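Here the structure comes first, spelled out in structure tokens, and everything after it is commentary.
Just so it is clear, none of the values below were taken in a lab; they were calculated from the coordinates. Source: prediction; values computed, not measured. Note that we place each Cβ from the backbone using ideal geometry, even for glycine, and neighbour counts take in every protein chain shown.
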């Protein structure tokens, strides 16, 4: 299930920040999530705790929903690891 930033010219560019694709229960899905104009302040422990409690990240639901991926981005795991090795190598 790759997650990557939305590139210029793709649907959702300028509106959403990330896109996740994959299959869940045998059905393919594409999820666009994250506000393109907002910074992810996940390095601030108070901001991370507030986001995760406000969005109910203890039970994020299936991976075919934006809530799942937003909660995953706001975990303690580095974003480069969530995005995958290709994006981490490019520095994006």
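Find the percent of Cα-Cα distances in the chain that exceed 18 Å, and round it to a whole number. Intermediate results must be reported in sequence, preceding the final value.
Values: 1961 of 4186 pairs.
Roughly 47 percent, rounded to a whole number.
Can you work out the PRE-style zone for residue 15? Point 7 Å along Cα to Cβ, and I want the residues of the range 34-63 with backbone N under 18 Å.
Answer for this model: 34-38.
Can you tell me which of 14-24, 58-68 comes out highest on packing, and rank the rest after it, using the mean Cβ neighbours within 10 Å?
On the way: 14-24: 16.1, 58-68: 14.5.
In descending order of packing, they fall as 14-24, 58-68.
Spin-label point model (7 Å from Cα, Cβ direction): what's the residue 35 to residue 4 distance in nm?
Rounded to a tenth, the inter-label distance reads 2.7 nm.
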